[in-house]
4 protein chains.
Amino acid sequence: MIRTESRIRVRYSETDAMGFAHHANYVTWFEAARIEMLDRIGLAYRELEASGYFIPVLEVKVRYRRPAFFDDRLTVTCLVKEQPGVRFRIEYEVRRGDTLLATGSSAHAFIDKSTKPIRPPRRFLNAMKAALRNGIPGPGGHAG
Amino acid sequence: MIRTESRIRVRYSETDAMGFAHHANYVTWFEAARIEMLDRIGLAYRELEASGYFIPVLEVKVRYRRPAFFDDRLTVTCLVKEQPGVRFRIEYEVRRGDTLLATGSSAHAFIDKSTKPIRPPRRFLNAMKAALRNGIPGPGGHAG
Amino acid sequence: MIRTESRIRVRYSETDAMGFAHHANYVTWFEAARIEMLDRIGLAYRELEASGYFIPVLEVKVRYRRPAFFDDRLTVTCLVKEQPGVRFRIEYEVRRGDTLLATGSSAHAFIDKSTKPIRPPRRFLNAMKAALRNGIPGPGGHAG
Amino acid sequence: MIRTESRIRVRYSETDAMGFAHHANYVTWFEAARIEMLDRIGLAYRELEASGYFIPVLEVKVRYRRPAFFDDRLTVTCLVKEQPGVRFRIEYEVRRGDTLLATGSSAHAFIDKSTKPIRPPRRFLNAMKAALRNGIPGPGGHAG
């Protein structure tokens, strides 16, 4: 299993009139954490796009358990449990300290510049396979 | 069944480097459409909050089928299929013309100012019941 | 002088923990109003980009006088006072009813796909000149 | 002079169809950097709000010189040059490495919960005075 942790600090612009972090932000935090997870296994998403590979989101789910507030320091955990094929799936957990605030998942595929579905590049599949087998080296960073 | 339609025009600020409307915006479009659906059955969300009722999101799901682009005029359909109890569920369909771009759902409950779960106000339950039975009068508006 | 009006309804996602529409949204509302102003003089920004012309923002200023709140129906007025040259300037006024909430301005130039500064296309200069002289036909629409 | 530096990594959700970081994000980055500047002089904005002080934005200006791109690691410098009175002003510089991408400023005042203008709390004025005289201890952090 791949498991990486990213740090998010809730911005004032992310709050809403309820005083909570607005629920749509979790989807962007998942993305920031996902991009950092790819970094950690040696796949800069910026370089994937530069070489003609794009990874759109096919599906996203978020289950909100407790609100996050302005200035909260959150940890977003990315979990990959299965070797990606043409599609792949990532799970997320958002915590403030030990308190689980939200869980979620996203599903993805690869497309090329013309938005045609394509097979993932070999280096993506290899990096995922190695990380699923060996784990991720080093400490987590900051996603936002 | 309650069925309302809201109009969204994709803003430039909502696009991303892939050239698509960024996937997190669908969650905010669902919200804009949901608030307009409540308007249409006589429940201004602004007044609900002013009277101490808040409707946080417990869960949101989006399935992305085709991308939306800058300046697209989209229709977001809100569907309520069951009489709300303590919790309620709304489904969404996003279309450009006849083309279905995305589907989704959200689940909700009521809380008070102290974030304590509470029963929905009677006028909410009554308005939903009437709309589920009789449908919604009048034409759709603009959500954004 | 060119003067167009666009309608914005404040989304819940645009509010912040102060209970106001977050100040960064005015910059995106200016953009939505600016794009509608271009529509109104016959220049769809989508088509400008499709033909290789991009109009980045060189400068933006906003002066906030009074807050906007969730669900407010705002009018954003775009004003163009001078014939564009290589650069051009747009002014904005944001109102709720008769109450002026904010004023601002943006400055722009044209670039091509490689981000090189270029002269505005002739049809842009002509459409601006005609609108500055003759005004804008027809009613305002909805920007968001 | 107070001078603090904050780190921002451009999120994918912050990009636009031009391939740039959308210009409205600079306003939210300024805010994130401003909140970190307040942290650095011992004034957590979260605590200011909890004790009934709010700092709305009266004015914001941004001058864009060069675009930022997805995944860029930016430094946002906050500069305070004068002791705050009832109003105060902060300047900003956004850099990628040594390259200046944007400059800007914001003007602020204090209000209470009822949005009535009030004098800044003494601890704010004292912390600003001390930091203007003595500088800021310690290294910069991460704003986003």
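The values are calculated or read from the model by the stated rules, or taken from the named source; none is laboratory data. What you are looking at is a predicted structure, and each value in this text was computed from that prediction instead of being measured. Methodologically, a virtual Cβ is constructed for each residue, glycine included, from the backbone with ideal geometry; neighbour enumeration extends over all protein chains shown.
Numbers below:
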quantity: Residues of the range B:44-78 classified as touching a residue at least 60 places away in the same chain (Cβ under 8 Å), more than 7 Å from every other protein chain (Cβ to nearest Cβ) and under 18 Å from B:ARG96 (Cβ atoms), total; calculated: 7
quantity: Residue, surrounded by the fewest Cβ atoms within 10 Å (Cβ to Cβ), within the range D:52-85, restricted to residues that are over 21 Å from C:LYS61 (Cα atoms) and touching a strand residue (DSSP E or B) at 6+ places or on another chain (Cβ under 6 Å); calculated: D:ARG73
quantity: Failed criterion for A:ARG95 (all others in (1) farther than 17 Å from A:ARG34 by Cβ; (2) without any contact (Cβ under 8 Å) to a residue 24 or more places away in the chain hold); calculated: (1)
quantity: Looking only at the range C:3-20, and only at residues there that are buried (at least 23 other Cβ atoms within 10 Å of the Cβ) and more than 9 Å from chain A (Cβ to nearest Cβ), the one that is farthest from the chain's Cα centre (by Cα); calculated: C:VAL10
quantity: Residue within the range D:36-43 that is closer than 30 Å to C:GLU91 by Cβ and buried (at least 19 other Cβ atoms within 10 Å of the Cβ) present; calculated: no
quantity: Among the residues listed as D:ILE41, D:ILE136, D:ILE111, the single one being more than 13 Å from chain A (Cβ to nearest Cβ) and touching a Pro at 6+ places or on another chain (Cβ under 6 Å); calculated: D:ILE111
quantity: Pair list, Cβ under 7 Å, 6 or more apart: the range A:2-15 residue farther than 12 Å from A:LEU79 by Cβ, other residue hydroxyl-bearing (Ser, Thr, Tyr); calculated: A:ARG7/A:THR75; A:ARG11/D:THR28; A:SER13/D:THR28
quantity: Within the range C:1-19, tally of residues that are within 24 Å of A:THR15 (Cα to Cα) and in a loop (DSSP other than H, G, I, E, B); calculated: 6
quantity: Subset of the range D:20-42 that is at pLDDT 95 or above and in a loop (DSSP other than H, G, I, E, B) - its residue that is nearest to C:GLY52 (Cα to Cα); calculated: D:PHE20
quantity: Filter pass, D:ALA32 being under 19 Å from A:THR28 (Cβ atoms), more than 8 Å from every other protein chain (Cβ to nearest Cβ) and surrounded by 18 or more Cβ atoms within 10 Å (Cβ to Cβ); calculated: no
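For (1) of a type in the set (Gly, Ala, Ser); (2) within 17 Å of B:LYS129 (Cα to Cα), each residue gets a yes or a no:
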site: B:SER13; (1), (2): yes, no
site: B:HIS22; (1), (2): no, no
site: B:GLY42; (1), (2): yes, yes
site: B:PRO67; (1), (2): no, no
site: B:LEU79; (1), (2): no, yes
site: B:ARG87; (1), (2): no, yes
site: B:TYR92; (1), (2): no, no
site: B:ARG95; (1), (2): no, no
site: B:HIS108; (1), (2): no, yes
